[in-house]
Every structure is written in structure tokens, then in C-alpha cells.
């Protein structure tokens, strides 16, 4: 049964953002006052917290303990990264045999970090291995998966083939008929664990897991699931452990629901090797660096530079952002671009009065239209937003100081 956690963790890791935000959502529905004082809560581990617009890195730990008194091992390690600016989430699986060097224990397999120093040891090991900050951890076990499926009333999926397997010693029994059906927790566990009979072998199994993930998320976010809020909350509290506070989880709620079905999955590049008679998985450092760049894990410095540049511009012109009224319009940029720019300006303290679209006209470049006689306002906003054209066209009748038209060049 220990290997079950590998497959369960893949599914649950894809749902971490949903589960974390869901915990707050269900708590909020059960107790309207929940979270109001959560700023006073602190994480259980002393870890760095991401700044606004900075990617957040969450380490997923799948523990193979058979009960609550069994500490178990980190049989599965995965890095979930969410980029709030790009609205992207990616998942990198880290093989448990990955070779690392621990400060006090020498060369070890990465799953030993949890054995020696619990969650904090695993977070440090992954941070040192990939040279990135790990902001949060989430620890799960396969029993939580079974419970969640049962709590939401099962999940309807199309089982791709007949599945029959019995292992009395391991107390594992899988009996599923081919075709569409509603699976309970134990049956769903069998589905995602099944490996035999696929024409394309592991690729077939992965496709089945992804099919289940989509069906699970659809059911978890359905109105019917809210009716089981108390059960779901109890399961989350009992089986999901994290150092993320409720208020921190709340900050990712809206985006979690949007990206939950579109998480890209990768495996840490490397190859198996025997070193001193021990089988390891040795990371390919160059390929790993390229992968991290691809999934935007390493753009923390870039985001920090952008944020610092905006703050420097506001400071340079000596203007109070709260006194500058702005309207943001989408003039041909990708959908939701005006909302992103508007939210960014709100974060910097500007008074964003409205966000809307322009119909029938597309602008190749973002425009900052200054409606006042103070030309510094246009200059400052151009530096805050970047790559834009300044137009001075005073018009106090519009009720705003600046019109920002987000053009097609946004984020290009």
C-alpha cells in the first residue's frame, strides 16, 4: 500500500490550491467571522513569505505512514509554483531517490531529509537543491484522498478498461468495469493506481489520472459540494497539514479556481545512477535550470525589479497615488489584461475608479492619457506600467485624472 501515495499525491498536489482556498471558503460559509483575525496567526515554520507579484513555491509532501502514530517517509515530493502575474501554476515531481548532501548526514536520498528533520528538513533540502525559496509546505496522505472523494459523493469518470486485481497481503482489491460510472474513494484510489493494460503504458495511466483530476475538480467546485462543506472541512483539517495561514490561503482563492484545471506537470531532469553501490537519481543541473526558467520559478528577481521600479517612480515624482483617479480600459490586449493592470495600480495605492473594455478599436501600444494639467502624473504612470505612450489631453469633465488604455503590446 505504500506506493499508493505516489499516485494519490499527484492528484492531490494538483488540487492543493483548491484545497487551501476551499478550506477558507468552507470555513467562511460555516462561520462568517472566520479569518477576520487571521493576520495574528503565524506559520508553524520560520520560512520566507513571497512578496506581492512574486511566484509562490509550495512543497508537496506525500507521506507513506500507515497511521497517525507512524511518522512515515516522504515517499513523494513535488514543487507547486504559482505565478500571480502570469496566472500560471506548474508542478515539478522530484524523485524520492534524488541525491543531495545534508549538512549533518552527508550524501543522502532526498526523502531522508524528512526522516531526519521533518517538514523543515524537506523544505531546506529542496531549496538548497534548486536554489530557490520554499515558502510553504503541504503534507498529505492517501487516506485523505479516499475521504475527500467520499465526502463529495463520489466522482463520475469514464473507466478506460476492465480492472481486476487482488493482493490479500497488501489488503488491496481493485475491481472496476469499463465505462462511465461514479466511483467512491476506494474505487477512485484503485483507478489512479492501476498500471496494467494501457497500450501506451505510463502515458495511458497519466491520461487516466488527468481525466480523474478534471472530474474531481468539477465535482469539488460544484454547488452540490457546498452542501457537504462540513464533511469536506473536517477531512481537510484532519488529513491536510500546512504552514499557510487562512489569510495567506485567501489571497490565492480567486486564481486557484481559475488555474486548478490547467496545472502543467514536469519531472525534475536527471537519470538513475549507482554511486558507491547505492542507487540514486542524479539531477541534471543544466536541464533543471532551464526547466525552472521555463516555469517561471526563477523570475523572482525580475518581479522584484519591476515592483521596485514602480515604487521608485512613485517616490521620484512625490505624488500621492491615493489622490489620482484612474480608469483602465482594454484596447485590444488579451482578456483580463485591464483587470490585471487595474489590480496592480490598486496594489500601489492608486484610486482605480473603473475597469472596462473599448469596443471596435484596437490599440497597438498601451496609452497613458493624462486628463490633468500636471504632466508628471502621466510620466509617473508610464514608468509604473512600462512600455507605454503618454498623451496629455486635459478634460476634467470625465471625472478621472488618467485614462489607461491597455494595448496589444501588453506583456509582449
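The values are calculated or read from the model by the stated rules, or taken from the named source; none is laboratory data. Small disclaimer: the values here were computed from a predicted structure and weren't measured. Glycine gets a Cβ as well: all are built from the backbone with ideal geometry, and neighbour counts include every protein chain shown.
Among the residues of segment 120-146, which ones are in a helix (DSSP H, G or I) and either farther than 25 Å from residue 269 by Cβ or without any contact (Cβ under 8 Å) to a residue 24 or more places away in the chain (or both)? Hits for segment 120-146 are 120, 121, 124, 127, 142, 143, 144, 145, 146.
Tell me yes or no: at least one residue of segment 293-304 is over 22 Å from the mean Cα position of the chain (by Cα) and at pLDDT 75 or above. The answer is no, given that none of the residues of segment 293-304 is over 22 Å from the mean Cα position of the chain (by Cα) and at pLDDT 75 or above. Note on segment 323-347: residues that are over 24 Å from the mean Cα position of the chain (by Cα) and either at pLDDT below 90 or surrounded by 13 or more Cβ atoms within 10 Å (Cβ to Cβ) (or both) total 10.
Of the residues that make up segment 305-316, is at least one surrounded by 15 or more Cβ atoms within 10 Å (Cβ to Cβ) and touching a strand residue (DSSP E or B) at 6+ places or on another chain (Cβ under 7 Å)? No, there is no match, as no residue in segment 305-316 is surrounded by 15 or more Cβ atoms within 10 Å (Cβ to Cβ) and touching a strand residue (DSSP E or B) at 6+ places or on another chain (Cβ under 7 Å). In segment 115-131, the qualifying residues are those that are touching a strand residue (DSSP E or B) at 6+ places or on another chain (Cβ under 6 Å) and within 12 Å of residue 59 (Cα to Cα), and the one that is modelled with the lowest pLDDT is 119. Taking each residue of segment 157-170 that is modelled with pLDDT under 85 and looking for partners that are surrounded by 11 or more Cβ atoms within 10 Å (Cβ to Cβ) and not in a strand (DSSP E or B) with beta-carbon atoms closer than 7 Å, six or more apart or interchain, yields 170/1.
Within segment 147-162, the set of residues being surrounded by fewer than 20 Cβ atoms within 10 Å (Cβ to Cβ) and in a strand (DSSP E or B) comprises 156, 158. Evaluating residue 366 against the criteria (1) outside the structural domain of residue 320 (by TED's automatic domain parsing); (2) crowded, with 19+ Cβ neighbours inside 10 Å leaves one unmet condition, (1).
Screening residue 385 against (1) within 31 Å of the chain's Cα centre (by Cα); (2) crowded, with 19+ Cβ neighbours inside 10 Å; (3) more than 24 Å from residue 54 (Cα to Cα) leaves a single unmet condition, (3).
Would you check if residue 273 is modelled with pLDDT of 75 or more and either outside the structural domain of residue 98 (by TED's automatic domain parsing) or under 22 Å from the mean Cα position of the chain (by Cα) (or both)?
Answer is no for this residue.
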